[in-house]
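A short reminder: the numbers here are calculations on the coordinates, not readings from a lab. Values in this document were obtained by computation on a predicted structure and should not be read as measured data. When we count neighbours, we look across all protein chains shown, and the Cβ atoms used for this are built from the backbone with ideal geometry, even at glycine.
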Amino acid sequence: MTGGLAYEAINNAGHLGKQLLVVLNDNEMSISPNVGAISRYFTRLISNPIYNRVRNEFWDLTGKLPIASDRTRSIVKKIEESLKGLLVPGILFDELGFRYFGPIDGHDLKEVIKTLENIKDIQNPVLLHILTKKGKGMVSVNVENNEYHDDAVKFHAVKPITKTSNKNKVEKKLGDQMAASFQDVFGKLVCEIARNRKDTVCITAAMREGTGLVPYSKEFPDRYYDVGIAEGHGVTFASGLAAEGIRPIAAIYSTFLQRAFDHIVHDCAIQHLPVIFCMDRAGIAGEDGPTHHGALDIAYLRCVQDIIVTSPKNGNEFRDLLYTALNITNKPFTIRYPKTSSVEFDESGQSELLAVGSWETCQKGSDIALLAVGPMVYTAIEASKELKLQGISCEIINCRFIKPMDISTLQSIKSRFNNIITLEEGVITGGFGDGVASWLLEEGFNGKLKRIGLPDEFIEHGPRNDILSMLGLDAEGIKTSILNMLKIKDSE
């Protein structure tokens, strides 16, 4: 639950006044020794049934006093609020109608159980504030000096530890040096841009590490904004900056940008504001599962009027799209990219401004046209190599602009091919393939069209490559789809 939604729920629950227990698991804040000891003592005191019974009976007694009872009760209430406000950070929740208890050590199971036992019969809404440490009980190995250390950031999503975990970690690290991830490329590009343009800022929603913004936040701390888990606010904030001539780059996971859809429409697109949205984890996110797969961004952005939707095939094209976006001053510009290798990236390379809506022909062919989005271009190329051995010639188009589409290229494909396949790492329903299909239908296309993408169902967690293979989005799956489309048996 996001911060704003949580407060809305607490506000409503406090208004209803029904018996309800909310446990606030706080794994980012620690208590200093002098405050912690007092607050724990105070929590044990105010959560004790005897204390609560005495408190309630005393409250009833003050109501039975003579004329001055209202004044007496007001004084008693102010004393209690002042004392709690001094000792614990729960006055906000008390004002919202909740009885606040805590903070307590969430790793002290006996204390947690005792507190829960003490507060279970309170008939009002109750908020229990517990403090925990992210990743407590887990360790990772520092392969350089063989020391164990805590790593709270990476423990946000813990993978199983095996005997080969450290070896795999080293291999992955070495691999990243040869082909940086899109996240690392993004971090390098925004620093490159910021050094040359003073009007740019970066915004993220509690995902500095995940989006690759750590280097930027250190080099440009005055131009870096982390709004916390509040994507809607982040988008509106970016829109406000854009309205004042600043060029904001908002780095938000694809799946979490969904929370800000209304803000994208009303605060950004309608105002024709040039906010640049960089959507990380677009497509299959891997072990984090259905909550983190970026399956919907193409579908939910294509329907927004006057917005540009793009996806680079590699790191070099990412640079081109970012600089192209900075050249657009009258509408939002979105760039989606998956959690994977950027394939090609030259840190000292030069940017090229791309014509909005332009596609790129990566490979000429004569039998079938493959319209691929993002790194799916390379998957299509790999599949075409296998098909070439069977005498099948594939034309491969890099559809880097999802919206607007390259109509002149589409017209050429329609006139030259009877078989067309669209490839995207997003849901088919409402996706890029649907856009191509709609255009072909209206233009009277009489051939065959197949859309390949994510199905109309939630995809579970698992290694990214395994999931793509299962869904037929790897080279082998695409090859099979083409053979089926052409009604050719695999010669292998």
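Points to keep in mind about this one:
- Ordered by the number of other Cβ atoms lying within 10 Å of each residue's own Cβ, fewest first, GLU219, GLU442 fall into the sequence GLU442, GLU219.
- Taking N as its residue count, the alpha carbon Rg of the stretch 360-485 over 2.2 N^0.38 Å: 1.00
- Estimated vicinal HN-Hα couplings, Hz - the stretch 435-445 in sequence order (Karplus 6.51, -1.76, 1.60; Gly, Pro = x): x, 5, 4, 4, 5, 4, 4, 5, 8, x, 5
- Cα gyration tensor shape for the stretch 182-336, rounded if a/c is under 1.5, else prolate or oblate: rounded
- In Hz, Karplus ³J(HN,Hα) per residue of the stretch 113-122 (6.51, -1.76, 1.60; θ = phi - 60°; x = Gly, Pro): 4, 4, 5, 4, 4, 5, 9, 5, 9, 5
- Considering only beta bridges that DSSP places wholly inside the stretch 315-410, some 40 percent are antiparallel.
- Counting beta carbons within 10 Å around each of ILE298, ILE428, ILE249 and listing the fewest first gives the order ILE428, ILE249, ILE298.
- In this structure the amide hydrogen of GLN363, modeled in the peptide plane, comes within under 5 Å of the amide hydrogens of ILE396, none closer than 5 places in sequence on its chain.
- Scanning residues 5 or more positions from LYS339 or on other chains, those with amide H under 5 Å from its amide H are ARG281, ALA282, with H placed 1.01 Å from N in the peptide plane.
- Residue exposure sequence - ILE407, ILE402 - by fewest surrounding Cβ within 10 Å: ILE407, ILE402
- Long-range HN-HN contacts of LYS448 with modeled amide H, under 5 Å: ASN419, ILE420
- Cross-link pairs exceeding 25 Å between alpha carbons, from the set LYS448/LYS489; LYS403/LYS479; LYS188/LYS385; LYS331/LYS364; LYS188/LYS364: LYS403/LYS479; LYS188/LYS385; LYS331/LYS364; LYS188/LYS364.
- Taking θ as phi - 60° and the Karplus parameters 6.51, -1.76 and 1.60, the scalar couplings of the stretch 244-261 work out to 9, x, 7, 10, x, 10, 9, 9, 9, 4, 3, 5, 8, 5, 4, 5, 10, 4 Hz in sequence order, x denoting glycine and proline.
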